[in-house]
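**Q** Please read through the structure below; I'll follow up with questions.
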Amino acid sequence: MAVGVVIVYGGGFSWFIVVAVFFVLGVAFTLYKYGYKRKLGGAQGKGGARNWPHILANGGLASIIAVCNYFAPSAALAAMFLGAVSTSAADTAATELGLLSHSRPKLITHPSKWVYPGTSGGVSPLGFAGAAFASLVIGALATPLGILSDPYLVIPGCLVGGLFGAVVDSLIGAGVQRKGECVVCLKPTEDLKHCGEPTKAIGGVPYIENNVVNVLSTVAGAAAALAILLV
Ligand SMILES: [Zn+2]
């Protein structure tokens, strides 16, 4: 709600529609074959509902951009907004579709090494297709909304922003993201809590947890979309 209100005030109703499209896409991809992903152990808990740090990590940059746009609206801010939202959509779609991949995901930094579906930094053709699809849907639906004065730049901005952001997300996930272990069930996890207990850090940088990775990747996606506007 708070993110939605800030976006409406800062960017107007057209920006809000873009966030709403992301929200619907996210829910659809999360619930798609939810039972199967649950069995796999990779599904989001609580019926797919996200907690507030997760929402802030994904919507925080978009909200900050909307606040800036409230005071000084510009095409650059609009492009960055599209890139940030496309990254969140691409990342969500890639994660949720990638879980269903029949081919083993490969680590983006070591393509010869396969990892379990759901591992941060793991990539698969299906996940990449999901990222491209989600970015395209955001771009196609945002094109007629007049967010950028040149409507032909909306789809390229969303596609390049979303894919670049998702790739950066995977690179950080494979490289420096905190890896933890549950002290109760001993499962490897990226969550800070598992089985109701704080997890033990066993690798990566302790402060770079999943939500920090999301913030960094939306920054990368926003920058990539801005670059499309400027070239
Ligand atoms: Zn556990």
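**Q** Over the chain, what is the mean sequence separation of C-alpha contacts under 8 Å (at least six apart), divided by residue count, expressed as relative contact order in percent?
**A** 23 percent.
**Q** Send over a whole-number figure in Å² for the accessible area per residue of the chain, probe 1.4 Å.
**A** Here the residues of the chain average 51 Å² of exposed surface.
**Q** Right, another one. Using 0.36 nm times the number of residues separating residue 187 and residue 152, minus their current alpha carbon distance, what extension gain do you get?
**A** 7.9 nm
**Q** With the crude spin-label approximation of a point 7 Å out along Cα→Cβ, what separation in nm comes out for residue 113 versus residue 55?
**A** In this crude spin-label approximation the distance works out to 3.7 nm.
**Q** First measure r as the distance between the Cβ atoms of residue 13 and residue 207, then evaluate 1/(1 + (r/R0)^6) with R0 = 41 Å and state the FRET efficiency to the nearest 0.05.
**A** Approximately 0.65, to the nearest 0.05.
**Q** What residues from segment 189-231 fall in the zone where the backbone N is under 18 Å from a label point 7 Å along the Cα-to-C-beta line of residue 71?
**A** Inside the label zone: nothing.
**Q** How much length, in nm to one decimal, is gained on full extension between residue 20 and residue 36, taken as 0.36 nm per residue of separation minus their Cα-Cα distance?
**A** The residue 20-residue 36 span can extend by a further 3.1 nm.
**Q** Still on this structure, please answer the following. If Rh is defined by the Kirkwood formula over all Cα pairs and Rg also comes from Cα, what ratio Rg/Rh do you get for segment 2-76?
**A** Taking Rh as the inverse mean 1/r over Cα pairs, Rg/Rh reads 1.10.
**Q** Nearest 0.05, what FRET efficiency do residue 104 and residue 195 give at R0 = 22 Å with Cβ-Cβ as r? All intermediate terms of the calculation are to be shown ahead of the outcome.
**A** Working: r = 27 Å, r/R0 = 1.22.
It comes to 0.25.
**Q** Using a 1.4 Å probe on the protein chains only, how many percent of the accessible area of the chain belongs to carbon and sulfur?
**A** On the way: 8260 of 11710 Å².
Summing carbon and sulfur atoms, their accessible area is 71 percent of the total for the chain.
**Q** Could you rank the peptides 52-58, 190-196, 131-137 by their average count of other C-beta atoms within 10 Å per residue, with the highest value first?
**A** Top to bottom by mean Cβ count within 10 Å: 131-137, 52-58, 190-196.
**Q** Once the Cβ-Cβ distance between residue 215 and residue 129 is put in as r, and R0 is 22 Å, what FRET efficiency do you end up with, to the nearest 0.05?
**A** That gives a FRET efficiency of 0.30.
**Q** Tell me, what does the Kirkwood hydrodynamic radius of segment 72-231 come to in angstroms if you use every pair of distinct C-alpha atoms?
**A** Kirkwood hydrodynamic radius for segment 72-231: 16.2 Å.
**Q** Next up: Listed highest first by mean packing, meaning other Cβ atoms within 10 Å per residue, what order do 97-104, 33-40, 213-220, 7-14 come in?
**A** Ranked from most to least packed, the peptides come out as 213-220, 7-14, 97-104, 33-40.
**Q** For segment 213-231 and segment 80-154, what is the centre-to-centre distance using only Cα atoms, to the nearest Å?
**A** 14
The values are calculated or read from the model by the stated rules, or taken from the named source; none is laboratory data. In this text, all values refer to a predicted model and were calculated from it rather than measured experimentally. We place every Cβ from the backbone using ideal geometry, glycine too, and count neighbours over all the protein chains shown. Please note that ligands, DNA and RNA were not included when accessible areas were found on the heavy atoms of the full protein model with its side chains. Shrake-Rupley method; radii C 1.70, N 1.55, O 1.52, S 1.80 Å.
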